[in-house]
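Note sheet for the following structure.
The values are calculated or read from the model by the stated rules, or taken from the named source; none is laboratory data. Only a predicted model underlies this, so the values are computations on that prediction, with no experimental measurement involved. Here the Cβ positions follow ideal geometry from the backbone for every residue, glycine too, while neighbour counts run over all protein chains shown. For the accessible areas, the whole protein counts, side chains as well, though only heavy atoms, and no ligand, DNA or RNA atoms are used. Shrake-Rupley method; radii C 1.70, N 1.55, O 1.52, S 1.80 Å.
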Amino acid sequence: MVALVDKISIAKHGTDKKLDRRVKLQAEDKIAIRKQYFNVHESERPTMTALAAKYNVDRRLIQFILFPEREERHKEQASIRQKEGRYYNKNKGRKNMQDYRNYKRSLIDSGKIIRPENEKSHK
């Protein structure tokens with residue numbers, strides 16, 4: 001059974017993109033990171049750790065933005081590990097979904113997301 005709040009998209013309804021917790025960096029942030037790293041001489045480049053601190057993300061995400069081939073390799077390895085049964089914790093997944101639904105409900109209640117007219121109450 002699907003919760004009504006699952007049908008409401010944060011990305012739609014003309015809302016601020018920063019409200020969507022699934023996206024850590026916007027496209028313009030990724031472009032800026034690439035420019036800061038590649039458009040200067042190698043001796044003047046900021047470290048990946050410094051860029052990560054500036055954008056409040058981890059170093060690995062910065063590495064994936066700068067070097068997409070590393071992300072592809074990581075995804076391949078992760079899919080192999082997942083087949084072995086790693087990474088999935090049912091209780092943790094359930095808790096994360098519950099937290100995300102509550103977050104969406106709080107956005108609806110505060111008026112940051114407008115509930116479509118054809119949907120019933122989310123409570």
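Of the residues Ala52, Gln77, Ala32, the one whose Cα sits farthest toward the positive end of the charge dipole of the chain, with +1 on the Cβ of Lys and Arg and -1 on the Cβ of Asp and Glu, is Gln77. Near Tyr103, once Lys and Arg are set to +1 and Asp and Glu to -1 for all other residues with Cβ below 12 Å from its Cβ, the sum equals +3.
Seen against the Cα atoms of the chain and their longest principal axis, helix 68-83 is set at about 50 degrees. Using the alpha-carbon positions of the range 29-84, Rg (one decimal) and Dmax (whole number) come out as 13.3, 43 Å.
A helix-only calculation puts the chain at -16500 deg cm²/dmol for mean residue ellipticity at 222 nm, using -39500 (n - 2.57) for each DSSP H run of at least four residues, averaged over all residues.
Taking label points 7 Å from Cα along the Cα-to-Cβ direction, Glu71 and Asn89 give a separation of 2.5 nm. Please get the size of the charge dipole for the chain, origin at its Cα centre, with Cβ charges of +1 on Lys and Arg and -1 on Asp and Glu, quoted in debye to the nearest 20. Charge dipole, the chain, about its Cα centre: 580 debye, nearest 20. By a 1.4 Å probe calculation restricted to protein chains, Met97 has an accessible surface near 80 Å², given to the nearest 10. Principal-axis analysis of the Cα atoms of the chain puts helix 90-109 at an angle of about 70° to the longest axis.
Helix 27-38 axis versus longest C-alpha principal axis of the chain: approximately 10°, rounded to the nearest ten.
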